[in-house]
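Below: the structure, in structure tokens.
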Amino acid sequence: RGKISMGKIWVLQNTEPEHLGIAAQIFQSYGLEPAYVRTFAGEEVPLARHMNDALGLVVLGDPMGVYDNKHYPFLDSAMRLINQALKEEKPVLGICLGSQLLAAVLGASITRGPQKEIGWHSIDLLPAASENPLMSEIEKFFIGYHWHGDCFDLPQGASALASSERTACQAFAYGLKAYGILFHMEVTEQIIGDMVRRFDDEVREEGLDGERIRADAAQHLNALQANGRVFFQNWASLCLG
């Protein structure tokens with residue numbers, strides 16, 4: 001059996017705990033090799049013209065906001081790279097902060113939500129999701145894992161795919177190849193544990209119980225990952241299309 005030839009995808013990892021999780025193995029099984037750029041460790045975002053040899057772009061989460069770009073110049077670089085990927089019609093996947101950066105590139109405003117959405121909260125797929133090639137096979141209602149304080153308006157020309165009680169726009173598609181997902185379908189028990197430990201000040205500020213968030217994974221994680229696998233497989237297919 002021949003070795004699968006690997007096509008590179010850029011992955012901007014903006015904080016240590018938040019990596020590709022279950023998506024990494026799925027992408028590799030499709031012949032996609034994640035090329036991590038660890039911005040949290042000072043690695044520089046590739047110049048926009050370097051999208052050329054990558055088949056897609058994933059931008060992961062971080063507690064900071066899009067508007068923190070004066071303190072974190074990599075945010076502007078990330079937005080330039082997203083813009084270049086859109087121009088070249090390469091698949092883009094923004095998760096959490098990544099979805100906010102994608103929305104900002106598309107002209108949407110990013111604002112602080114009335115309260116943070118952290119831990120396990122329900123996700124409702126919207127009617128457009130049932131027609132969407134990446135989300136049509138996902139459950140219409142499930143419990144998602146969240147860690148965000150900011151929200152965004154639906155970018156002009158995008159279709160809204162999911163919402164939650166606290167956040168009107170949880171997921172959107174722009175064109176055929178760009179997706180912003182505010183919640184996390186990639187997480188593993190380890191990622192959840194690492195986030196609870198790393199961001200324990202946020203957990204305390206919100207009056208939440210970090211151990212409870214970790215323990216609730218036993219109830220919700222399997223179903224969340226099952227939906228995530230479908231979504232990430234479909235996104236991988238986009239990269240190969």
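Calculated FRET efficiency, Thr188 to Gln156, Cβ-Cβ distance, R0 = 35 Å: about 0.50 to the nearest 0.05.
Between the exposed loop cleavage positions of the chain, defined as GluC sites (Glu not before Pro) in a non-H, G, I, E, B DSSP state with at most 11 neighbouring beta-carbon atoms within 10 angstrom, the longest gap is 166-241.
Taking θ as phi - 60° and the Karplus parameters 6.51, -1.76 and 1.60, the scalar couplings of region 221-235 work out to 5, 4, 5, 4, 5, 4, 5, x, 4, 4, 4, 5, 4, 5, 5 Hz in sequence order, x denoting glycine and proline. With the whole protein complex present, His71 retains an accessible surface near 140 Å², based on a 1.4 Å probe. Remark: accessible surface ordering of Asp53, Asp150, Asp200, Asp194 (largest first) is Asp53, Asp200, Asp194, Asp150, probe radius 1.4 Å.
Evaluated on region 88-241, the Kirkwood hydrodynamic radius is 15.8 Å, with distances taken between all distinct Cα atoms. Separation of region 162-207 from region 209-241 is 11 Å, based on Cα centroids.
Evaluating 6.51 cos²θ - 1.76 cosθ + 1.60 at θ = phi - 60° for every residue in region 89-99, the Karplus couplings come out as 6, 8, x, 10, 10, x, 10, 6, 3, x, 5 Hz, glycine and proline recorded as x. Taking amide H as placed 1.01 Å from N in the peptide plane, the amide H of Lys8 sits under 5 Å from that of Glu33, Leu55, each at least 5 places away or on another chain. Loop-located trypsin sites (Lys or Arg not before Pro) in region 126-222 (DSSP state not H, G, I, E or B) with no more than 14 neighbouring Cβ atoms inside 10 Å: Lys140. Taking a point 7 Å from the Cα of Arg198 along the Cα-to-Cβ direction, the residues of region 107-149 with backbone N closer than 17 Å to it are 118-119, 145-149.
For region 1-66, state which trypsin sites (Lys or Arg not before Pro) are in a DSSP loop and have at most 11 other beta carbons lying within 10 Å of their beta carbon. Within region 1-66, the qualifying trypsin sites (Lys or Arg not before Pro) (loop, at most 11 other Cβ atoms within 10 Å) are Arg1, Lys3. Across region 9-26, computed HN-Hα scalar couplings (Karplus, 6.51 cos²θ - 1.76 cosθ + 1.60, θ = phi - 60°) run 10, 6, 10, 8, 9, 9, 8, 4, x, 9, 10, 5, x, 5, 5, 4, 5, 4 Hz from first to last residue, x flagging Gly and Pro. Per residue, the chain exposes an accessible area of 46 Å² to a 1.4 Å probe, with every protein chain left in place.
Counting only DSSP H runs of at least 4 residues, each contributing -39500 (n - 2.57), and dividing by the residue count of the chain, the helix-based mean residue ellipticity at 222 nm comes to -9500 deg cm²/dmol.
Measuring nothing but alpha carbons in region 1-153 and taking Rh as the Kirkwood radius, the Rg to Rh ratio lands at 0.97.
Antiparallel beta bridges, as assigned by DSSP with both residues in the chain, represent about 55 percent of the total such bridges. What is the sum of charges around Gly228, taking Lys and Arg as +1, Asp and Glu as -1, for the other residues whose C-beta is under 13 Å from the C-beta of Gly228? Surrounding charge for Gly228 is -2.
Under 5 Å between amide hydrogens, built in the peptide plane, is the criterion, and for Ala162 it picks out Leu126, Gln170, Ala171 among residues at least 5 positions away or on other chains.
Extension gain, His71 to Asp209, is 46.7 nm, computed as 0.36 nm per intervening residue step minus the present C-alpha separation.
Of interest is the spacing of the C-alpha centroids, which for region 1-64 and region 112-157 amounts to 22 Å.
The values are calculated or read from the model by the stated rules, or taken from the named source; none is laboratory data. All values derive from a computational prediction rather than experimental measurement. Quick reminder, even Gly has a Cβ in these numbers, built from the backbone with ideal geometry, and neighbours come from all protein chains shown. Each accessible area value is taken on the protein alone, full model and side chains, heavy atoms only, with ligands, DNA and RNA left out. Shrake-Rupley method; radii C 1.70, N 1.55, O 1.52, S 1.80 Å.
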